[in-house]
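Read through the structure below, which is laid out as structure tokens, and then see the notes.
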Amino acid sequence: MSWGWEVLRAAAGTVIIFSGVALVAAMFGVLLERKISAWMQSRLGPKHVGPQGLLQTLADTIKLLQKENIVPTRADRTIFASAVIVVPLAALLDYVVIPFGTTRSGPLIFRDLNIGVLYFAATSSLVVIGILMAGWGSNNKYALLGGLRSAAQMVTYEIPMGVVLVTVALLAGSLSTVTIVNGQSGPHHLWYVLEQPVAFVIFLIAATAEVNRVPFDLVEAESELVAGYFSEYSGMRFALFQLGEYGEMFAMAAMAVTLFLGGWLGLPFLPPVLWFVIKLYAVIFVFMWVRWTYPRFRIDQMLSFSWKVLIPVSVLNLVVTAFFVIVVRR
Amino acid sequence: MSGEAVVFYLLAAVTLGSGAVIVTSGNIVHAAAALVPALLGVTGLYILLNAEFVAGIQVLIYAGAITVLILFAIMLTEGGTGLGGRQRNEQTAVGAAVAAAMAALLIAVAVRTNWAPPAAGATLPSYTPGAIGQSFLGRNILVFEGTSIVLLVSLMGAIMIARRED
């Protein structure tokens, strides 16, 4: 395999992931969020741009592209500008190891790394650096508070999520995402959501916290912190933060589908990719349902919930799973 | 020059360039943020050496956790400005001596290592998670447990210092 070909493939992959995430996750995700929130609150939601308001986010994006980039006078320009790159980049990197489906020539994935799950945990942990940089670089007390809350929250919820990832990897006997999906097929193996319901619930809670959504949205609590770490961002920079946030949410949902809901597996009357997309949007719907149903936690409640409930339960679950894998299966 | 060499020099340049920023920057937040590209450059070198698991751990622990803790600590102190730190103190001579000794040691190790490519048919040591786990809980269990005690002690020490007032 020549190096030039590899570089070309990487560049093409980057373009595909970026445009895919921008269109499917960010633009359609925002529209979906507005439509579902409207439906839950007995409103209509966006209705005027395009058929049934379908083109609303496209119009919003064009508007944001045209807006001026405002940099606060006493902001740290280098940090302020580079934070915008870190957040979406960390979200986009997640998609390298997600298997979207399978074809005759093999699974549909950018790279089936043999450390897939570890890679996912590593790249999603980079988002918080961008958030801290944005919060500090803005030179705004609300932004800084949002950034600090985010660091505390994401570091705390990374631990139960990591333990859950280890639990699933232990069950599948591999860190590769493709092997994990294949481990859920066959007559003797169920989807891991049935074998590991506790791990699934912990993963969903930790994922909600990692992407800073209600009830864990203290990072950008409107009533307290204006918009949190991206209060000072405008125009396309604001849009890039939204892209990073929705990209991360879709990546978390895709990982939940891969680890627990059998990935692309499904009955044969639909193609595997379509099964993956259906499950992905089902998980996304749960995220949005939670967001428009529950009120926000207080910061101390949120942190002690993770340290005193999620981490002990997930570790206990890991021990029980390890016992099962070593003693019962053999 | 092979593609591998090009990638190596690129990664080395990123690592060394960010390292220079870390040492020379007067703004402590800039220095902490420059840790990220430096650590990611080292990650790239690990990947180049086929040590994928170590590379993943490097990103997860160093870039994703340690840097965040450093940034967190800086922002909670000094009023969040990150400015005003001195870059030198009275220990310059001692520091330079330690750095020189360390550099001499590293250069000696690099020079004395046999860098000849392995003979044909030889296999690389396995770096899979399973092999690493076996090594931690088998041959190197004493080191592993020793490290965990060090971490536990530092954790308890941090709690003791933070809770001293109560």
Qualifying residue in the stretch A:121-129 (condition: under 20 Å from the mean Cα position of the chain (by Cα), within 21 Å of A:Trp264 (Cβ to Cβ) and within 8 Å of chain B (Cβ to nearest Cβ)): no
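Among the residues of the stretch A:233-273, how many are among the aliphatic types (A, V, I, L, M) and without any contact (Cβ under 8 Å) to a residue 24 or more places away in the chain?
Of the residues in the stretch A:233-273, 2 are among the aliphatic types (A, V, I, L, M) and without any contact (Cβ under 8 Å) to a residue 24 or more places away in the chain.
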So A:Leu31, is it of a type outside the set (D, E, K, R), in a helix (DSSP H, G or I) and free of Cβ contacts under 8 Å to residues at least 40 places away in the same chain: yes
Extreme residue, nearest to the other protein chains (Cβ to nearest Cβ), among residues of the stretch B:38-51 that are without any contact (Cβ under 8 Å) to a residue 24 or more places away in the chain and buried (at least 18 other Cβ atoms within 10 Å of the Cβ): B:Thr43
Residue in the stretch A:67-115 that is nearest to A:Ala239 (Cα to Cα), counting only those that are buried (at least 19 other Cβ atoms within 10 Å of the Cβ) and in contact with an Asp or Glu (Cβ under 6 Å, 6 or more places away or on another chain): A:Ala91
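Residue-by-condition table, conditions (1) surrounded by fewer than 17 Cβ atoms within 10 Å (Cβ to Cβ); (2) among the basic types (Lys, Arg); (3) modelled with pLDDT under 80:
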| position | (1), (2), (3) |
| --- | --- |
| A:Ile202 | no, no, no |
| A:Ala207 | no, no, no |
| A:Val214 | no, no, yes |
| A:Glu222 | yes, no, yes |
| A:Ser231 | no, no, yes |
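When the stretch A:64-104 is examined, which residues are found to be within 14 Å of another protein chain (Cβ to nearest Cβ) and among the acidic types (Asp, Glu)?
A:Asp76, A:Asp94
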Inter-residue pairs, beta-carbon under 8 Å, first more than 7 Å from every other protein chain (Cβ to nearest Cβ) and in the stretch B:52-72, second aromatic (Phe, Trp, Tyr) and not in a helix (DSSP H, G or I), 6+ apart: B:Val54/B:Tyr127
Residue within the stretch A:174-190 that is under 23 Å from A:Leu118 (Cα atoms), without any contact (Cβ under 8 Å) to a residue 40 or more places away in the chain and part of a helix (DSSP H, G or I) present: yes
Residue among A:Val313, A:Val290, A:Val319 that is touching a Pro at 6+ places or on another chain (Cβ under 9 Å), at pLDDT 90 or above and assigned by TED's automatic domain parsing to the domain that holds A:Met161: A:Val313
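The values are calculated or read from the model by the stated rules, or taken from the named source; none is laboratory data. Please read these numbers as outputs of a predicted model, since none were measured by experiment. With ideal geometry, Cβ positions are generated from the backbone for all residues, glycine too; neighbour counts draw on all protein chains shown.
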